[in-house]
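**Q** Input: one structure, supplied below.
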Amino acid sequence: MRPDLLVIHYTAETFTREEQDVLRRYVTNLRQPVFALVNLPEVVKGALFARYSRTHKTLRRLLLDEFVDDLDISGDETIDATVGVARAEQLYQRVFVEYGDDSVAQLGAVHLACEQASNLLTKVLERGRLMSYLEQSTRYLAYDERVQGRYRYHRPPGVMTSSAGTRFIGDVDRMFDAYGDMVRRMTAWLTDHHDPVPSVAGAGGTMSSVAAKGGDLARRRAIRAQAFDAARGLLPAASLSNVGIFGSGQAYEALLLRMRAHPLPEARSYAQLMLTELRKVIPSFLRRVDQTDRGIVWSDYLETNRIAMDEFAAELFADETPEPVPEVVLTDWDPAGEDKMLAAMLFPYTDLPESQITARVKKMTEAQRLELVQRYVGERANRRHRPSRALERIDYRFDVLGDYGSFRDLQRHRLLTIEWQPLGPRHGYAVPSLVDAAGGGEAYDEVMELSTELYNALVEAAGPLEASYAVAMAYRVRYSMQFNAREAMHLIELRSQPQGHTDYRRIVTEMYRQISEVAGHRAVAAMLSHVDLSEGALGRLGAEEATVRRRSAELA
């Protein structure tokens with residue numbers, strides 16, 4: 001049987017009768033891992049998704065435990081969101097027939113909870129540009145907690161029914177055991193090697209008992225986050241995550257068409273779960289997805305092209321092996337890019353054609369060019385103050401060979417073009433320096449060896465695609481990123497902050513250096529005034545202290 005036709009078993013939640021009565025008003029089903037949120041204020045939907053990154057709870061349990069008591073639900077008692085919206089569909093069909101404009105599908109949006117998705121599937125879910133995502137984090141949650149006695153990872157039917165199925169369970173369980181051991185090792189080592197005196201001081205520089213407690217809490221949270229960061233690379237790509245998605249009907253249609261054409265059986269199966277729930281909320285917007293002459297032929301087109309390219313590339317590079325390259329390489333840029341950017345800065349403020357503006361820019365003195373940039377950028381009080389669209393005139397393309405864990409974080413940036421290659425162990429890995437310092441290097445290497453051996457066994461038993469589930473996140477994956485200078489400002493400044501993961505901080509700060517030194521675009525680099533090149537022992541300490549101070553002020 002084809003792997004995508006095998007049944008994937010998801011862990012079903014249980015609720016009391018009273019909880020079910022409440023949930024039926026706000027979610028489109030009570031048992032499946034995919035469901036839509038309805039009949040809730042927009043701010044509540046957003047807050048629920050925001051909690052995803054720092055909790056093991058499912059969205060339905062979060063709603064019951066943390067939100068329902070603060071809502072007035074008395075008027076919703078007769079609502080049952082699980083039955084669909086037939087009348088709304090009839091109305092949309094009438095509008096669509098009369099106006100014939102499927103851009104109407106851009107105007108209806110859905111908050112969709114996508115739970116129990118592997119870390120291969122999450123990258124498929126988060127590919128679309130015109131959607132918003134919030135994913136469960138690996139740095140705030142312990143991933144070795146069990147649900148109904150089992151570690152949280154995807155068990156692909158194609159693997160489980162193969163000769164390597166039993167081995168897959170045993171080896172992946174060992175990887176999770178090792179992850180838990182590493183978190184405990186790193187927590188103990190970080191606690192012993194960092195000053196226990198909190199850095200939060202009270203008025204006049206004296207340490208109040210409240211400030212002392214707050215400082216200690218911030219320190220413990222920062223240590224915990226860094227321990228999770230250090231151990232993250234031991235987790236396999238099969239690890240499960242929860243993703244909150246907000247998007248229009250048109251964006252969901254595009255996502256589902258891609259998923260139905262995707263070679264990963266989990267993606268194809270999950271697309272059907274999503275389609276079922278979305279049709280309870282915006283049925284007409286997705287009418288074409290599984291119509292033979294519309295969505296099916298569209299997905300077939302995508303799949304046919306992918307297969308043709310797989311075959312062509314395999315034949316073309318049959319005798320090629322990867323050449324050694326640095327972790328980050330700036331592969332393409334425009335040498336005349338800064339002149340074009342300066343012309344774009346001036347364009348909206350004149351009535352001259354662009355060619356005339358560009359000719360004048362070329363004659364400007366260095367002092368004039370500097371003054372133009374300073375006036376356009378202004379005083380950026382923080383990294384959220386970004387100048388306008390003239391920075392979109394320049395593009396940069398990078399070839400990156402980084403660990404899969406960091407790729408997961410960088411891939412979620414949407415205003416860029418990103419492509420990645422299949423995940424496997426062939427590009428190697430690096431042991432985090434903190435793990436080595438804590439004496440955990442040998443244990444780390446053992447998990448990498450286990451992951452490689454399992455991957456090789458799965459290649460033989462189930463094929464290379466599903467063998468990727470066994471690959472530890474420390475292994476490197478190659479991807480390309482292409483973005484303009486305005487997105488560079490957002491991405492590099494955000495991801496270089498001290499509270500970020502060490503691995504992606506290293507990647508983006510190298511991008512910053514190459515924009516300045518390789519491309520020679522020093523004016524662009526100068527505009528990125530909030531890039532943080534500092535190194536700190538506990539990167540998240542400042543952020544955690546700020547959180548504690550805010551919460552203390554709210555309670556005061």
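**Q** Check region 433-450 and report whether any residue there is surrounded by 19 or more Cβ atoms within 10 Å (Cβ to Cβ) and in contact with a Ser or Thr (Cβ under 7 Å, 6 or more places away or on another chain).
**A** no
**Q** What about residue 378, is it closer than 23 Å to residue 483 by Cα, surrounded by fewer than 16 Cβ atoms within 10 Å (Cβ to Cβ), of a type in the set (Gly, Ala, Ser) and at pLDDT 95 or above?
**A** yes
**Q** Residues of region 263-292 being in contact (Cβ under 8 Å) with a residue 40 or more places away in the chain and of a type in the set (Asp, Glu), which ones?
**A** Matches in region 263-292: 266, 277.
**Q** Let me ask you something else. Tell me which residues, restricted to region 316-332, are over 26 Å from the mean Cα position of the chain (by Cα) and surrounded by 11 or more Cβ atoms within 10 Å (Cβ to Cβ).
**A** Once the filter is applied, which keeps residues that are over 26 Å from the mean Cα position of the chain (by Cα) and surrounded by 11 or more Cβ atoms within 10 Å (Cβ to Cβ), region 316-332 yields only 322.
**Q** Further question: For residue 413, indicate whether it is at pLDDT below 95 and under 22 Å from residue 262 (Cβ atoms).
**A** So residue 413 passes the test.
**Q** Residues in region 327-334: is at least one farther than 30 Å from residue 525 by Cβ, outside any helix (DSSP H, G or I) and acidic (Asp, Glu)?
**A** no
**Q** Related question: Residue by residue through region 107-136, note down the ones that are open to solvent by 20 Å² or more (accessible area, probe 1.4 Å) and of a type in the set (S, T, N, Q).
**A** Across region 107-136, the qualifying residues are 116, 132.
**Q** Would you call residue 367 more than 19 Å from residue 486 (Cα to Cα) and of a type outside the set (Val, Ile, Thr)?
**A** yes
**Q** Now for a separate question. Would you check if there is a residue in region 271-285 being assigned to a helix (DSSP H, G or I) and open to solvent by 50 Å² or more (accessible area, probe 1.4 Å)?
**A** Looking through region 271-285, at least one residue is assigned to a helix (DSSP H, G or I) and open to solvent by 50 Å² or more (accessible area, probe 1.4 Å).
**Q** Considering only region 390-410, state which residues are part of a strand (DSSP E or B) and either in contact with a Cys (Cβ under 9 Å, 6 or more places away or on another chain) or open to solvent by 10 Å² or more (accessible area, probe 1.4 Å) (or both).
**A** 395, 397, 399, 401, 403
**Q** Further, regarding this structure: Which one of 163, 103 is of a type in the set (Ser, Thr, Tyr), open to solvent by 30 Å² or more (accessible area, probe 1.4 Å) and in a helix (DSSP H, G or I)?
**A** Every option except 103 fails the conditions.
**Q** Does residue 409 fit the bill of being acidic (Asp, Glu) and touching a His at 6+ places or on another chain (Cβ under 8 Å)?
**A** Judged against the criteria, residue 409 is a match.
**Q** Could you list all residues from region 268-286 that are in contact with a Lys or Arg (Cβ under 8 Å, 6 or more places away or on another chain) and under 30 Å from residue 140 (Cβ atoms)?
**A** 271
**Q** Next up: Working only within region 344-360, note down all residues that are under 40 Å from the mean Cα position of the chain (by Cα), over 18 Å from residue 486 (Cβ atoms) and open to solvent by less than 50 Å² (accessible area, probe 1.4 Å).
**A** Result: 358, single match.
The values are calculated or read from the model by the stated rules, or taken from the named source; none is laboratory data. Keep in mind it's a predicted model, so treat the numbers as computed, not measured. Every residue, glycine as well, gets a Cβ built from its backbone with ideal geometry; the counts of neighbours run over all protein chains shown. We work out accessible area using only protein heavy atoms, side chains counted, and drop any ligands, DNA or RNA first. Shrake-Rupley method; radii C 1.70, N 1.55, O 1.52, S 1.80 Å.
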